[in-house]
Amino acid sequence: MVIRQALKSDHPDLLALWSRSVTVTHDFLTAQDIAHLYQGLQDQWLDAVQLWVLETSERIVGFIGFDDNKVEMLFIDDGYQGKGYGTQLIDFAKQRSGLLRLDVNEQNPQALAFYQQQGFTIEGYSETDFQGNPFPLLHLLYRQ
């Protein structure tokens, strides 16, 4: 396993991975919601963060995106979830900063449990997501 900075040429693979991951982890989103988020990811969000990929010798299995000490995105490919790859990316993030923030959808209890296992605590709550949609967010914090 290697964690490396993502290249622009990785973006098509990251978008495909994101789609596979979100389809199985975000069952509260409609197909229209997913299409809208995909467009935002493609048009601006991948370019707005520092992206790092986790890859095997064959393929990218996950990625993480930072804006300073905030984890803006972390996705593991569908067939690779539950195998410790998310933990590897969070450990990488912890090495970069002893203070991390991230938001998780309240409707995604599996992700919340994962982050709490990694030492994150709930520090706040928003009734809507960053686009004003009715998907409540839990604001999480990790301190070394």
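From the list Ile64, Ile60, the lone residue that is closer than 14 Å to Leu14 by Cα and touching an Asp or Glu at 6+ places or on another chain (Cβ under 6 Å) is Ile60. Looking at segment 123-137, is at least one residue in contact (Cβ under 8 Å) with a residue 40 or more places away in the chain, of a type outside the set (Ser, Thr, Tyr) and crowded, with 18+ Cβ neighbours inside 10 Å? Yes: one or more hits. Here the condition is being hydrophobic (A, V, I, L, M, F, W, C), modelled with pLDDT of 95 or more and surrounded by 19 or more Cβ atoms within 10 Å (Cβ to Cβ); of Leu89, Leu46, it holds for Leu89 alone. The strands (runs of 3 or more DSSP E) found entirely in segment 66-144 that carry 2 or more residues being of a type in the set (Val, Ile, Thr) are 70-76, 121-126.
The values are calculated or read from the model by the stated rules, or taken from the named source; none is laboratory data. These numbers were taken from a predicted model, which means no experiment stands behind them. Neighbour counts run over all protein chains shown; Cβ positions are idealised from the backbone, glycine included.
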